[in-house]
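Scroll down for the structure; my scribbles are underneath it.
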């Protein structure tokens, strides 16, 4: 019994409690976030990018993705109807993601093709001077609005 | 009136009765009989009345699929996937044989094309069945290929792991355990290896023959990029049937197969195998349903005949995953029968043709086995 009394004497009084709690609340509203939460910054929102795929029969397919996605990622994530696209899943072992760019787009692509990419490109059907493999092209903000031509697929070849 | 129609009538009557008693079913959205009648068009009601009765679901379904009226062909420009016709539906693989083979393969670190390429016949072949003992087509040189064909779901990589040196012995052990008299071996393409994997393949054949000299071995080999030394290694290894698939007609080959595979190259490989070892039976396979015309298929059969191919199989292309080529046309079983007759009239030793027929078709193997046994007997 004596312990309880001692305990209750040590507790701050009700009025004191009220003062403390309101002060804490004010503190929460006015202080900078870094003082009472973790130091890490929230991830910056990735910029959305747009690409238009022009099929051999003239059909235009618009697809969206995020900055840092490769063109193969955009095709897969949007389930763009390009048959057998990306058969090797981006390992530079086939040429099914072959795309044809306009000259000015081809020149402003940030990365030049590696030897492996050129080897696979050599095998591609309808190869042009402005051809690249879609799995190696990473989208940036500047490239948004890109228009690429898709070479003929089996659907175009059949009678 | 079938039982189905009687049931439908009873259901309508129950509904009517419940409405009269003002009993409302709160679980589902019930329509009153008047609404029900108006919801179904006269055409649909007609089809329901003429549709399957209970009998169709009880006994074995009829094998005549001529009455199937679903969409079987995708015209140029159409992008929606076709529904799978009933003659291609297979059962889910289960059973003790299936489990036994699967566990054995995992223990021995072996791969099969049955699993990797998602063959629909896996349940039937691994389970054994009316054709006899269970079998699987072992895929040598790993489960990762160095080519990416648009119809195949086998994994692709630029630099797959090196082949397992104990694979020939493990394969021979597994096959001996299954007690087969005819076995089919296949492999992935290994363009990263200097010999294309041909020595490893040949060693496996020799090991199998060493453990059981009576077993007949069929090898479904890659084209080794046209390397005739590699073809010779396989052709001289002691196998009985040399198989290499032409896959499709000439004009569609660039769009269907990997670009390193070529129509003329494949024909040359088949021809060379025959020239190197005239005792070999050569075999090839065509997938139908990718948009080829009858004339093109006919021409391909003629090209195979000129290349000295003895056996040919024709099967339906089925899309293995969402990412692969969509089926352009589902060829009917009667059309496959027509191709079988064409093949036989052209003088092939054996023509296996059917929607689910694949390169290592079991009944065909029985036939080929009998030919080879006969030859052995006459040679003695």
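The values are calculated or read from the model by the stated rules, or taken from the named source; none is laboratory data. Predicted model, so just to flag it, every value in this text is computed and none were measured. Don't worry about glycine lacking a Cβ; one is built from the backbone with ideal geometry, like all the others, and counts go over all protein chains shown.
Determine the pairs where a residue that is more than 20 Å from residue B:169 (Cα to Cα), located within segment B:118-144, has a partner that is modelled with pLDDT under 80 and part of a helix (DSSP H, G or I) with Cβ atoms under 7 Å apart, the partner being 6 or more residues away or on another chain.
B:125/B:362; B:131/B:362; B:131/B:363
Let's see how each residue does on (1) surrounded by fewer than 21 Cβ atoms within 10 Å (Cβ to Cβ); (2) more than 10 Å from chain B (Cβ to nearest Cβ); (3) part of a loop (DSSP other than H, G, I, E, B); (4) at negative phi:
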position	(1), (2), (3), (4)
A:53	no, yes, no, yes
A:58	yes, yes, yes, no
A:68	yes, yes, yes, no
A:72	no, yes, no, yes
A:80	yes, yes, yes, yes
A:84	no, no, yes, no
A:88	no, no, yes, yes
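Go through (1) within 14 Å of another protein chain (Cβ to nearest Cβ); (2) under 16 Å from the mean Cα position of the chain (by Cα); (3) surrounded by 18 or more Cβ atoms within 10 Å (Cβ to Cβ) and name the single condition residue B:153 misses.
Status for residue B:153: all satisfied but (3).
I want to confirm something. Restricting to segment A:104-159 and keeping residues that are closer than 17 Å to residue A:73 by Cα and in a strand (DSSP E or B), which single residue is nearest to the other protein chains (Cβ to nearest Cβ)?
The selected residue is A:133.
Restricting to segment B:238-260, and then to whatever is at pLDDT below 95 and closer than 18 Å to residue B:193 by Cβ, can you tell me which residue is surrounded by the most Cβ atoms within 10 Å (Cβ to Cβ)?
Ranking the qualifying residues of segment B:238-260, first place goes to B:258.
In this structure, does residue B:181 turn out to be in contact with a strand residue (DSSP E or B) (Cβ under 8 Å, 6 or more places away or on another chain), farther than 27 Å from residue B:255 by Cα and surrounded by fewer than 22 Cβ atoms within 10 Å (Cβ to Cβ)?
Here the answer is yes, as residue B:181 does meet what is asked.
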